[in-house]
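Visitor: There's a structure below that I have some questions on.
The values are calculated or read from the model by the stated rules, or taken from the named source; none is laboratory data. Only a predicted model underlies this, so the values are computations on that prediction, with no experimental measurement involved. Cβ coordinates were reconstructed from backbone atoms using ideal geometry, including for glycine residues, and neighbour counts include every protein chain displayed.
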Amino acid sequence: MKYLYRALAMLLLCGLLFTLPGTAYTESALQLPGSLKIIEENAFYGDRSLGRVVLPDGITEIRSKAFADSSVSNVNLPVSLDCIADDAFDGCSSVSFTAAADSYGFNWAKAHGFKVTDPNAPKYRALLIGNNAYMDNPLQGCINDMKAMSNLLRSFSNGFACTTKQNQTKSGMLSAIRSVFAGAAEKDVSLFYYAGHGAYSSGTTYLGALCGVDDTYLTSKELAAALSKVPGRVIVVLDSCYSGAVINRGTGYDLSDLETFNQDIEDELQEMDAFNQSMIDAFAGCDTTVVLSDDAVFDSGELAKSKFVVITACGKNQSSGEINKKGLFTTAFVTGGGCKYGSSTYTGSMPADTNKDKKLTVNEIASYARSEVKKKDSSQTVQYYASNTSEVLFWR
């Protein structure tokens, strides 16, 4: 009787599929008819021809074993649904769902351990660049750092789609920004990460510029211009020498701490008096040097704008160090986010999550990285900029 019932249900459903308007088999999806309200018991049981299935708005119920042991890969769950049998998708271990957040279908899928995505939720994209192969002064840890950061981002619940690029020129970096973030919308979040040489300059135009492996330089102004064209929120994380220049941060200057603002200004004035000598003496030979005329155009701090959240490995006067082919800053960032360097497996806790809410704010992750880096190198001070330092960047 069970198999007879199943056969009758299939015939009934197939009759609907072939007689009702709006029904279509396409190369990529089965679209069920708009008049369909209930998917009967065992309707697609064991069907190995299924892929994506499109359910119509207005459907209210999916009954027992309707898709069980089938090859269905993705199903949209309309907000009209108010009943799905617990065993409707038994044996469909690879199926995923799309549903509006907090709808019946969304909550059902979550409760039953299935992957479910809200189609209206922000999309998270990341472009990560690691440059080692410089003609002069090649590096060893930047590609390792890029991979470690990609592992971390993919482990977060944000669902970052990560693209990694290595040994890029200036034009390659700009091209990657355009292509990777081409599909971004205003609701989306895009993250740009760079590990490589940062330029030292006797002026300010090239100070902190990202160095292409062919000795080309992506300046703060050019980086800001490229990322400003990306719709939505943009997070920038830089592990490079003098990177604090992109937000005009020196050794200790941090606008997020307004109580120390006046002292920071005084410190900056003192730094300016000794600026030229400090640039000559600081970590000679560690990074690319660009000599400019005294009338070079000022463009430091171009990323200190409300569109961006920026975290840099060091101040504009400082070097970003590495130990054992791993950047101090990136190692601290990854550890603070709850992964071991080189692994995408969540350790079960996020040391940077000070209030234990499984969310990382700008202040939490940057402050943790600053503290950890200081333990290894007191001369390197992590810097950050955000219009709201309590903004949540990552979560689990």
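Visitor: Report, ordered by the first and then the second residue, all pairs with beta carbons closer than 7 Å, sequence separation of six or more or different chains, a first member in the range 204-232 that is assigned by TED's automatic domain parsing to the domain that holds Ala176, and a second member that is among the polar types (S, T, N, Q) and assigned to a strand (DSSP E or B).
Guide: Leu207/Ser201; Val230/Ser190; Gly232/Ser190
Visitor: So the check is Cβ under 8 Å with 6+ separation or different chains; which pairs have a first residue in the range 136-159 that's assigned by TED's automatic domain parsing to the domain that holds Ser320 and under 21 Å from Val189 (Cβ atoms) and a second one that's in a loop (DSSP other than H, G, I, E, B) and β-branched (Val, Ile, Thr)?
Guide: Correct list of pairs: Ser155/Thr345.
Visitor: It is to be established whether one or more residues within the range 75-90 are surrounded by fewer than 19 Cβ atoms within 10 Å (Cβ to Cβ), more than 16 Å from Tyr104 (Cα to Cα) and of a type in the set (S, T, N, Q).
Guide: no
Visitor: Quick check on my filter: what residues within the range 48-65 are over 29 Å from Pro122 (Cβ atoms) and either without any contact (Cβ under 8 Å) to a residue 12 or more places away in the chain or in a loop (DSSP other than H, G, I, E, B) (or both)?
Guide: Residues of the range 48-65 over 29 Å from Pro122 (Cβ atoms): 48-50, 60-61, 63-65.
Within the range 48-65, Arg48, Ser49, Leu50, Thr60, Arg63, Ser64, Lys65 meet the criteria.
Visitor: Is it true that Val79 is within 22 Å of Thr117 (Cβ to Cβ), among the β-branched types (Val, Ile, Thr) and part of a loop (DSSP other than H, G, I, E, B)?
Guide: yes
Visitor: Restricted to the range 209-233, and to residues that are surrounded by fewer than 23 Cβ atoms within 10 Å (Cβ to Cβ) and assigned to a strand (DSSP E or B), which residue is nearest to the chain's Cα centre (by Cα)?
Guide: Ranking the candidates gives Arg233 first.
Visitor: Somewhere in the range 50-68, is a residue hydroxyl-bearing (Ser, Thr, Tyr), at pLDDT 95 or above and not assigned by TED's automatic domain parsing to the domain that holds Leu191?
Guide: Pass one, the range 50-68, residues hydroxyl-bearing (Ser, Thr, Tyr): 60, 64.
In the following step, the residues that additionally are at pLDDT 95 or above were identified as 60, 64.
From the residues that got through so far, the ones that are not assigned by TED's automatic domain parsing to the domain that holds Leu191 too are 60, 64.
Taking every residue of the range 50-68 in turn, at least one turns out to be hydroxyl-bearing (Ser, Thr, Tyr), at pLDDT 95 or above and not assigned by TED's automatic domain parsing to the domain that holds Leu191.
Visitor: Of everything in the range 100-144, what is in contact with a Pro (Cβ under 8 Å, 6 or more places away or on another chain) and either among the acidic types (Asp, Glu) or surrounded by 21 or more Cβ atoms within 10 Å (Cβ to Cβ) (or both)? Give them in sequence order.
Guide: If the condition is that a residue be in contact with a Pro (Cβ under 8 Å, 6 or more places away or on another chain) and either among the acidic types (Asp, Glu) or surrounded by 21 or more Cβ atoms within 10 Å (Cβ to Cβ) (or both), then Gly105 is the only one that fits.
Visitor: Output the residues belonging to the range 66-76 that are touching a residue at least 24 places away in the same chain (Cβ under 8 Å) and in a loop (DSSP other than H, G, I, E, B).
Guide: Residues satisfying the conditions are Ala66, Phe67, Ala68, Asp69, Ser70, Ser71, Val72.
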